Amino acid sequence: MQELDAVRINFHESGLLFLNLLLGLIMFGIALELKLEDFKLLFKKPKASITGIVSQFLLFPFATYVLLWILNPPPGVALGMLLVAACPGGNISNFITSLAKGNTALSISLTAVSSTLAIVATPFNFFFWGNLYPPVHNALKEITLNPWDVFKAILMILLIPISLGLLTNRFLPAISAKIEKPLKLLSALIFAAFLVIALAANFEIFLQVIHRVFLYVFLMNSIGFLLGYYFAKLMRLDERDARCISIETGIQNSGLGLVLIFAFFGGQGSMAIIAATWGIWHAIAGVSLAWFWSKRTKSLNV
């Protein structure tokens, strides 16, 4: 049986450029929905906002680090798990929070803040926890990866599109309102098509290894949802806030993870498989959890 860390994904450089542009387009579309007021919620409702940020950027990477010691996965899988854990919230978290009857305003605010913080927090978490886990530390030494290069890539992918989106919404509100929904739909469809094509090109590899990485993704994702929910409850937040923070913690921007994997890790197969499996599973799990919660409205403070 092929070793997970020996797996290599078929992915052309032109595909990486397209994925970069596509992710930038998605972030621009998300930013068109954002207003400066969304960032102000951090100060208007600091307890909930800080709880969400701590859950996503401190507790979840730490929990993933602990999970690595328990499961002892191959180094490439561990790299992929830490990278996904270090990414900001996924672009579908707002929709899933709304479906779950959670606090959608808080979700939008956390998306705005986490995407901005990710410019620093994502490379920091990845290298900090990675260097504390010996197999990943050794792998990083072999790759000789420069944290500054990762920082610059995230700066390009996140900060520039988000800034352009916010500026468009602020100074060209009519144009922003016109293109916001079509752009989100179009970018989602293109991204889905891109993933299908990439999966088709590597389908045999995917079938060979999916059953070997799914448990890692399932456990990690479940921990994210549970950690976010019960940490919010521990902080005595209401049910709607707890649902939102659970989803923001369990839904990660694996598209950003894939871009970084192909840009800096040469399509390292087990890392890419982890990120791709996460991208599929977190949507299924998130929507399923949201459907379950949508049927349970008695505990909501509305």
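Things to note:
- Breaking point among (1) at pLDDT 80 or above; (2) exposed (fewer than 13 other Cβ atoms within 10 Å of the Cβ); (3) under 29 Å from ALA63 (Cα atoms), for ALA139: (2)
- Within the stretch 34-74, tally of residues that are surrounded by 13 or more Cβ atoms within 10 Å (Cβ to Cβ), farther than 22 Å from GLU239 by Cα and touching a Phe, Trp or Tyr at 6+ places or on another chain (Cβ under 9 Å): 8
- Of all residues in the stretch 196-212, one or more are farther than 19 Å from VAL287 by Cβ and either at pLDDT 90 or above or among the acidic types (Asp, Glu) (or both).
- VAL113 falls short of the stated requirement of being out of contact with any helix residue (DSSP H, G or I) (no Cβ under 7 Å at 6 or more places or on another chain), hydrophobic (A, V, I, L, M, F, W, C) and in a helix (DSSP H, G or I).
- Filter result for PHE231 (modelled with pLDDT under 90, surrounded by fewer than 24 Cβ atoms within 10 Å (Cβ to Cβ) and not basic (Lys, Arg)): no
- Residue match in the stretch 114-121 (condition: of a type outside the set (Gly, Ala, Ser) and over 21 Å from LYS44 (Cβ atoms)): yes
- Close pairs from the stretch 167-186: first within 12 Å of LEU34 (Cβ to Cβ), partner among the β-branched types (Val, Ile, Thr), Cβ under 7 Å, at least 6 apart: THR168/ILE175; SER176/THR168
- Check on ALA31, in contact with a Leu (Cβ under 6 Å, 6 or more places away or on another chain), modelled with pLDDT of 75 or more, open to solvent by less than 10 Å² (accessible area, probe 1.4 Å) and on the phi < 0 side of the Ramachandran plot: yes
- In the stretch 283-296, the residues that are at pLDDT 90 or above and either open to solvent by less than 30 Å² (accessible area, probe 1.4 Å) or of a type in the set (Phe, Trp, Tyr) (or both): ALA285, GLY286, ALA290, TRP291, PHE292, TRP293
- For the stretch 3-28, the set of residues classified as surrounded by fewer than 16 Cβ atoms within 10 Å (Cβ to Cβ) and at pLDDT 75 or above consists of LEU21 only.
The values are calculated or read from the model by the stated rules, or taken from the named source; none is laboratory data. Computed from a predicted structure; not experimentally measured. So basically every Cβ, Gly included, is an ideal-geometry build from the backbone, and we count neighbours across all protein chains shown. These area figures cover heavy atoms from the full protein model, side chains too; ligands, DNA and RNA do not enter into them. Shrake-Rupley method; radii C 1.70, N 1.55, O 1.52, S 1.80 Å.
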